[in-house]
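Trainee: Below you'll find the structure I mean.
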């Protein structure tokens, strides 16, 4: 990623909450967001604009307790729920808080999952998660260390649609009969995922309607 402008970031100023707004809090002054999963279900926030390439980062402390069944995450998507979306993911699988899954999609096609062994419990304290996305390269970093690189290959698709920054906590226990995130237990609800020092690219916001 040769263009130094791709590394310029600024604190996120505004967010939109897609569902369960009472389970999401945002403090712009401290640049912090909390997501809670409990009897109300989970919640999801996103940036209010899409970005085309750049560096995205957040310090994250994942929920404590037995989180089996839950998925907590930070990711980029051209539009969540769209069948032809581009997407770049960090996903924590509640059955094991010592791993994280990375993945990326082009025009709705994923199947590029990789599991990374964190070497720590993601709920113990804050750690920094960074996605660096350019026209020909994606890098995923944790605490300053590159844990995965994906390069564009000739003749293959690569994420190139403007994308929102998203984060959510949700019950994914129905996927693959519970094998992906485990069965939901819920013994330690409410589950709170903490985000702080959230940064998005400078100067690459793309103004477009969320439903387009």
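The values are calculated or read from the model by the stated rules, or taken from the named source; none is laboratory data. The structure displayed is predicted, hence computed values, not measured ones. Positions of Cβ are generated from backbone atoms using ideal geometry, with glycine treated the same way; all protein chains shown enter the neighbour counts.
Trainee: Which one of these is surrounded by fewer than 18 Cβ atoms within 10 Å (Cβ to Cβ), part of a strand (DSSP E or B) and touching a residue at least 12 places away in the same chain (Cβ under 8 Å): 131, 115? Explain how you work it out, then say what you get.
Mentor: Numbers: 131 fails: surrounded by fewer than 18 Cβ atoms within 10 Å (Cβ to Cβ).
Within the list 131, 115, the selection yields 115.
Trainee: Separate question: Residue 33: farther than 27 Å from residue 160 by Cβ and under 14 Å from the mean Cα position of the chain (by Cα), yes or no? Explain how you work it out, then say what you get.
Mentor: Values: farther than 27 Å from residue 160 by Cβ: yes; under 14 Å from the mean Cα position of the chain (by Cα): yes.
Yes, satisfied.
Trainee: Any residue in region 23-34 that is crowded, with 20+ Cβ neighbours inside 10 Å and touching a helix residue (DSSP H, G or I) at 6+ places or on another chain (Cβ under 8 Å)?
Mentor: No, the conditions are met nowhere in region 23-34.
Trainee: Would it be correct to say that residue 7 is at negative phi and crowded, with 17+ Cβ neighbours inside 10 Å?
Mentor: Considered against the rule, which asks whether it is at negative phi and crowded, with 17+ Cβ neighbours inside 10 Å, residue 7 comes out as no.
Trainee: A further question on this structure: Checking the structure you have, find out if any residue of region 192-204 is buried (at least 16 other Cβ atoms within 10 Å of the Cβ), at pLDDT below 95 and either out of contact with any helix residue (DSSP H, G or I) (no Cβ under 9 Å at 6 or more places or on another chain) or part of a loop (DSSP other than H, G, I, E, B) (or both).
Mentor: yes
Trainee: Here is a follow-up. Consider residue 169 carefully, then state whether it is crowded, with 19+ Cβ neighbours inside 10 Å and touching a helix residue (DSSP H, G or I) at 6+ places or on another chain (Cβ under 9 Å).
Mentor: yes
Trainee: Which of (1) touching a residue at least 24 places away in the same chain (Cβ under 8 Å); (2) under 21 Å from residue 7 (Cβ atoms); (3) more than 15 Å from the chain's Cα centre (by Cα) does residue 149 not meet, given it meets every other one?
Mentor: Every condition holds for residue 149 apart from (1).
Trainee: Looking at 164, 158 in this structure, which one is more than 21 Å from residue 70 (Cα to Cα), crowded, with 19+ Cβ neighbours inside 10 Å and touching a residue at least 24 places away in the same chain (Cβ under 8 Å)? Give the steps one after another, and end with the answer.
Mentor: Working: 158 fails: crowded, with 19+ Cβ neighbours inside 10 Å.
None of the others qualify; the one that does is 164.
Trainee: Would you list the strands (runs of 3 or more DSSP E) that sit entirely within region 6-79 and hold 2 or more residues that are touching a residue at least 24 places away in the same chain (Cβ under 8 Å) and either in contact with a strand residue (DSSP E or B) (Cβ under 8 Å, 6 or more places away or on another chain) or over 16 Å from residue 128 (Cβ atoms) (or both)?
Mentor: Answer list for region 6-79: 9-11, 15-19, 32-37, 43-47, 54-61, 70-77.
Trainee: Identify all residues within region 173-191 that are surrounded by fewer than 22 Cβ atoms within 10 Å (Cβ to Cβ), assigned to a loop (DSSP other than H, G, I, E, B) and in contact (Cβ under 8 Å) with a residue 12 or more places away in the chain; write none if there are none. Explain how you work it out, then say what you get.
Mentor: So in region 173-191, the residues surrounded by fewer than 22 Cβ atoms within 10 Å (Cβ to Cβ) come out as 174-180, 182-190.
If we keep only those that are assigned to a loop (DSSP other than H, G, I, E, B) as well, we get 174, 179-180, 182-190.
180, 182, 183, 184, 185, 186, 187, 188, 189, 190 - these are the residues of region 173-191 that are surrounded by fewer than 22 Cβ atoms within 10 Å (Cβ to Cβ), assigned to a loop (DSSP other than H, G, I, E, B) and in contact (Cβ under 8 Å) with a residue 12 or more places away in the chain.
Trainee: Tell me whether region 81-98 contains one or more residues that are on the phi > 0 side of the Ramachandran plot and at pLDDT below 95. Write out each step before concluding.
Mentor: In the first step, residues of region 81-98 are kept if they are on the phi > 0 side of the Ramachandran plot; the result is 81.
Those still in the list that are at pLDDT below 95 too: 81.
For region 81-98, residues on the phi > 0 side of the Ramachandran plot and at pLDDT below 95: present.
Trainee: Another question, then. Given (1) part of a strand (DSSP E or B); (2) touching a residue at least 24 places away in the same chain (Cβ under 8 Å), identify the lone condition not met by residue 89.
Mentor: So residue 89 meets the others, but not (2).
Trainee: Within region 137-147, track down each residue that is surrounded by 12 or more Cβ atoms within 10 Å (Cβ to Cβ) and either at pLDDT below 95 or under 28 Å from residue 65 (Cβ atoms) (or both).
Mentor: Our first condition is that a residue be surrounded by 12 or more Cβ atoms within 10 Å (Cβ to Cβ); within region 137-147, this holds for 137-143, 147.
140, 141, 142, 143, 147, listed by residue number.
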